[in-house]
Amino acid sequence: MTVTKQSHIFQGTVAARVPLVVSGDGIYITVEDPETGERTQLLDAMTGAAVGALGWGDPEVHKIMAEAAKETQYSYPAYLGNDYAEDLAEFYINNSPSGAFASALWTGSGSEANENALKIIRQYFLERNMPKKTKFVSRNSSYHGYTIGSLSIGSSARAKMFEDILLPSSQCIKVDPCYTYRNKLEGETDEEYGTRLIDQFEQVILREGADTVAAIIVETLPGSSLGTTPPPKNYLPGIRALCNKYDVVFMLDEVMCGTGRANPNGGLNCWENWLGEGEGPDIQLVGKTLGSGYVTIAGVLVSPKIHAAYVNGSGTIMGAHTYSGHAFNCRVALKIQERVKELKLTENIFKVGNYLGKQLKEKLSSSSIVGNVRGIGGFWSAELVKDKVTKECFDVDLKVGPNLQKICFSNGVTVMGMQGCNKGVGDHIMFAPAFTLTHDQADEIVEIVVKSVAQLEQSLD
Ligand code: PLP
């Protein structure tokens with residue numbers, strides 16, 4: 001008789017035990033069945049929740065971590081600092097377009113970064129004696145994390161059960177997402193679609209009064225919420241212009257798509273695909289690949305404009321988290337980023353990732369259930385549809401996205417399978433491999449995914 005062990009970890013699926021990760025090597029992870037102890041190697045095309053920049057088990061990172069353990073000391077961020085938090089901020093500033101950022105707050109997670117950003121924006125307007133600016137305008141079908149503040153500016157099926165305890169909807173206003181595949185009208189050009197969405201933001205600002213609107217918040221390349229849908233070319237520049245016009249903070253969430261995953265210039269920021277020097281966000285959030293899965297670190301990057309308001313105002317940021325700017329995490333993250341830069345891995349993932357996307361597009365084009373393949377650099381998705389012509393979504397209860405994830409796992413590759421929602425968002429699977437990806441590994445991923453999609457298709461007949 002098999003004895004089912006109870007998990008003592010209160011996260012994820014509590015009713016059943018999930019596979020345990022026991023080791024990692026480059027682009028592969030080894031997982032263990034918690035019941036049988038059987039081990040399987042998987043090609044890690046998703047790196048958890050898109051965290052992987054360097055591959056797994058990197059001996060250089062292990063060396064860095066050993067050094068950091070010996071040589072760093074904890075400092076309480078409210079009144080003490082450390083060089084490593086400073087150096088990591090300097091690295092981000094120096095490797096971003098000139099003048100984009102002045103400083104950074106290093107946090108433990110992307111949700112915590114979003115939470116802090118809302119407070120930073122609030123205090124920014126108080127520093128400028130504009131207390132009425134309290135409203136955040138973000139998008140339906142977006143994801144910014146699982147804390148109360150980040151759920152309030154997000155809007156996905158995941159937020160639904162918490163609706164009654166979120167910030168009021170009069171303060172967290174939602175507009176349409178940018179979802180070209182489904183929401184661009186027939187006959188509309190990409191540019192016209194972008195303009196229509198910008199107009200919607202402007203209408204909200206005019207309706208609410210610019211003196212009450214604090215920020216526009218969007219994911220640069222939405223990840224788990226909408227599946228890596230690139231915006232039309234004029235979309236982000238249009239939001240930048242609106243924010244300038246109405247004195248509204250332009251906040252970009254790059255927790256999933258940023259820090260080298262989809263940068264066209266061998267740099268860090270995803271927005272550089274659409275915005276030039278002097279056009280960047282006022283506040284930007286980063287996470288995931290910053291620590292590459294080795295350390296828990298995320299952050300809020302602050303532009304010179306925001307930074308100056310604090311310096312010229314009270315001079316103090318209200319609030320401190322015990323582990324913000326932790327020396328060990330910052331030192332390891334910095335070394336990881338330096339190594340990514342030295343090995344030109346951002347360039348590599350942009351090139352090989354685009355190859356992966358092209359192959360996925362080509363090889364999945366004959367599948368009757370793949371409606372759209374989209375993405376940039378190292379961040380791709382395939383959206384699953386019941387009918388390719390009408391783009392009809394699968395019934396959400398069929399869970400075709402999560403089911404495809406399971407099939408891919410059993411065939412030896414990790415992807416993230418997302419369930420659609422009844423508001424017209426389709427199921428999809430996502431890809432976010434380590435930046436070390438090779439062409440051969442990309443081919444292997446595509447081959448396994450094509451086979452897995454065919455199996456899913458058969459099971460739906
Ligand atoms: N923002 C975006 C765009 C994300 O994709 C995520 C996580 O997936 C978060 C914020 C939350 O980050 P974390 O899970 O580290 O709290």
Quiz item: If the chain between Glu71 and Arg128 were fully stretched, how many nm would it gain, using 0.36 nm times the residue separation less the Cα-Cα distance?
Solution: 16.4 nm
Self-check item: the chain - charge dipole about Cα centre, Lys and Arg +1 at Cβ, Asp and Glu -1, debye rounded to 20
Solution: 640
Practice problem: Counting other beta carbons within 10 Å of each Cβ, put Cys257, Cys421, Cys178 in order, fewest first. | Solution: Cys421, Cys178, Cys257
Quiz prompt | Length released on extending from Glu90 to Ser170, taking residue separation times 0.36 nm less the Cα-Cα span | solution = 25.0 nm
Self-check item: Mean Cβ count within 10 Å, highest first, over the residues of peptides 71-84, 146-159
Solution: 146-159, 71-84
Quiz item: Which net charge results when you count Lys and Arg as +1 and Asp and Glu as -1 among the other residues whose beta-carbon is under 15 Å from that of Gly266?
Solution: +1
Practice problem: Classify region 299-413 as rounded, prolate or oblate from the Cα gyration tensor: take a ≥ b ≥ c as the square roots of its eigenvalues, call it rounded if a/c is under 1.5, otherwise prolate when a/b beats b/c and oblate if not. | Solution: prolate
Quiz item: In debye to the nearest 20, how big a dipole does region 121-226 give about its Cα centre with +1 on each Lys and Arg Cβ and -1 on each Asp and Glu Cβ?
Solution: 480
Quiz item: When Lys and Arg each count +1 and Asp and Glu each count -1, what net charge do the other residues less than 15 Å away from Lys63, Cβ to Cβ, add up to?
Solution: -2
Quiz item: Out of Gly287, Asn312, Ser111, whose Cα points farthest toward the positive end of the dipole of the chain (charges: +1 Lys, Arg; -1 Asp, Glu; placed on Cβ)?
Solution: Asn312
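Just rank Glu163, Glu208, Glu272, fewest to most, by other beta-carbon atoms within 10 angstrom. Mind dumping the intermediate values first?
Details: Glu163 11, Glu208 15, Glu272 20.
Sorted ascending by nearby Cβ count, the order is Glu163, Glu208, Glu272.
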Self-check item: Inter-site label distance for Val389 and Arg17 at 7 Å from Cα along Cβ, in nm
Solution: 5.0
Practice problem: In nm, give the distance between the simple-model label positions of Thr36 and Ala157, each being 7 Å from the Cα along the Cα-to-Cβ direction. | Solution: 2.9
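Report the calculated FRET efficiency for Gln200 and Lys423 (r = Cβ-Cβ distance, R0 = 22 Å), to the nearest 0.05. Don't skip to the answer; put the middle values down first.
Numbers: r = 16 Å, r/R0 = 0.74.
The computed FRET efficiency comes out at 0.85.
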Exercise. Quick one: net charge around Asp211, please, counting Lys, Arg +1 and Asp, Glu -1 for every other residue with C-beta under 11 Å from its C-beta.
Key: +1
Practice problem: Just rank Lys363, Lys388, fewest to most, by other beta-carbon atoms within 10 angstrom. | Solution: Lys388, Lys363
Self-check item: Residues in region 42-60 that a label on Asp25 would reach, taking backbone N under 14 Å of a point 7 Å out along Cα→Cβ
Solution: 42-44, 56-59
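Values quoted throughout were computed directly from the atomic coordinates according to the rules given, and no laboratory measurement underlies them. Every value quoted in this text rests on a predicted model; they were computed, and no experiment measured them. When we count neighbours, we look across all protein chains shown, and the Cβ atoms used for this are built from the backbone with ideal geometry, even at glycine.
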